[in-house]
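The values are calculated or read from the model by the stated rules, or taken from the named source; none is laboratory data. This is a predicted model, so every value here is computed, not measured. Neighbour counts run over all protein chains shown; Cβ positions are idealised from the backbone, glycine included. SASA here: full protein model, heavy atoms, side chains in, ligands and nucleic acids out. Shrake-Rupley method; radii C 1.70, N 1.55, O 1.52, S 1.80 Å.
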Amino acid sequence: MTEDILVVGGGTGGLVVANRLAEELHAELDAGDVRVTVVTDDPNHVYKPTFLYVPFGKKTVADAKRPVTDLLDSRVDLRLDRVVGVDTEHKTVQVEDGDDVIGYDHLVLAMGAQLVPDEVPGLKEGGHHFYGPEGAEKLRDELATFTEGHLVLSVIGVPHMCPAAPLEFVFMVDDWLRERGRREDVQLTYTYPIMRAHGLESIAEWATPLLAERDIALETFFNPEEIDPEAKVIRTMEGEEMEYDLLVAIPPHTGNELVKAAGLGDDGWVAVDKHTLEATHATDVYAIGDIAEVPTSKAGSVAHYEAGVVADRIASRVRGQTPTATFDGKTVCFIETGMDEATFVEFAYGRQPTVRAPSKLVHWSKLGYNEAYWLTARGVL
């Protein structure tokens, strides 16, 4: 009987785990003893970090996309459909197209996080963001004609994808405006919802003096609850108001409703063992990437490292062996500090990152990795 491994999601985690499984279980796949299937509702794979560069004209939305078929191992089956339900008791998933259910022996959930700007009244009408293709292009057009006034970058809620990206944006826009002779006419403010500039204390301690040095105002414990697009005012839960001329907001994020419906997590994130990534409320179910509730960043590198662990664990189970691979929370992150310099951090569970001095070399290393990323998605790197 064929053993079915089902992967839901065509992002970094989904593709890497599927490609790793195809490599590790190549003999079983060739013999027909194992089948690996990816279900995704998007024929394109999107590398989201590219969107940070779109507002500055350094990248286009097209640069962020590749067809899933170009990145997926030929031994992996692909189904373009949307999963709308998971039944962990009967080990099936329900898809949107028709009445089909797909059975599984091992299930990997890698659907990512969802943006929910509607949770803040007025945010869709009064704010911009670079966390998606349309938002990044609209912000590019807005920045092109923005010559003076108050630009506010506001992080609305945690957790959110790409935790360093909001800091990167303000450092980059500061540099970008200086290059164009506009910086003296633009007031920059960066807001964060907790009592420091970043969720990780060491990054906050590094960023705070750098923000001051760049004349970027910092507002912490700042939680917008309403945006007034006509008056261009942010109103917060703390009873404050802030006027703006251009608002760049990191929208609230949420998990997935099907996670709640399946009893895998009360808040839409899949509750997992942080080391094995196995769901705590179901057997033979794993979660990786942004949808997994683990105490580390929602970053692409996390999904990459988690995918390797899950592939190893599933391969061991398929072969009747005891899995030994574990995830230690490893996270690697480049942080742009301007248009031509960046720094680099690496950390894990229980270990804070050490922030290195920014350099042009690290900036070019980040750009080089962005180009090589497609090899990562294929499971080569």
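Data overview
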| item | result |
| --- | --- |
| Odd one out for TRP269, checked against (1) of a type outside the set (A, V, I, L, M); (2) surrounded by 19 or more Cβ atoms within 10 Å (Cβ to Cβ); (3) modelled with pLDDT under 95 | (3) |
| Selection from region 20-49 of residues that are of a type outside the set (Gly, Ala, Ser), open to solvent by less than 10 Å² (accessible area, probe 1.4 Å) and assigned to a helix (DSSP H, G or I) | LEU21 |
| Among (1) over 18 Å from the mean Cα position of the chain (by Cα); (2) part of a strand (DSSP E or B); (3) not small (Gly, Ala, Ser) - the single one THR326 does not satisfy | (2) |
| Enumeration of residues in region 92-106 that are touching a Gly at 6+ places or on another chain (Cβ under 6 Å) and either in contact (Cβ under 8 Å) with a residue 12 or more places away in the chain or in a loop (DSSP other than H, G, I, E, B) (or both) | THR92 |
| Candidate set: region 320-358, residues that are touching a helix residue (DSSP H, G or I) at 6+ places or on another chain (Cβ under 9 Å) and among the hydroxyl-bearing types (Ser, Thr, Tyr); chosen: the one farthest from VAL310 (Cα to Cα) | THR337 |
| All strands (runs of 3 or more DSSP E) inside region 142-253 with 1 or more residues being crowded, with 20+ Cβ neighbours inside 10 Å and in contact with a Leu (Cβ under 9 Å, 6 or more places away or on another chain) | 149-155, 186-192, 216-220, 224-228, 233-236, 246-250 |
| Region 329-381, residues that are under 18 Å from the mean Cα position of the chain (by Cα), among the hydroxyl-bearing types (Ser, Thr, Tyr) and crowded, with 18+ Cβ neighbours inside 10 Å | THR331, TYR373, THR376 |
| Residue match in region 326-346 (condition: free of Cβ contacts under 8 Å to residues at least 40 places away in the same chain and out of contact with any strand residue (DSSP E or B) (no Cβ under 8 Å at 6 or more places or on another chain)) | no |
| Verdict on GLU225 being closer than 19 Å to LEU123 by Cα and free of Cβ contacts under 8 Å to residues at least 40 places away in the same chain | no |
| Conditions (1) acidic (Asp, Glu); (2) assigned to a loop (DSSP other than H, G, I, E, B); (3) more than 20 Å from GLY199 (Cβ to Cβ); number of the one not met by GLU371 | (2) |
| All positions within region 256-290 that are over 20 Å from the mean Cα position of the chain (by Cα), at positive phi and not small (Gly, Ala, Ser) | ASP284 |
| Verdict on ARG75 being part of a loop (DSSP other than H, G, I, E, B) and crowded, with 16+ Cβ neighbours inside 10 Å | yes |
| Positions within region 181-222 being small (Gly, Ala, Ser) and free of Cβ contacts under 8 Å to residues at least 40 places away in the same chain, in sequence order | GLY181, ALA197, ALA204, ALA212, ALA217 |
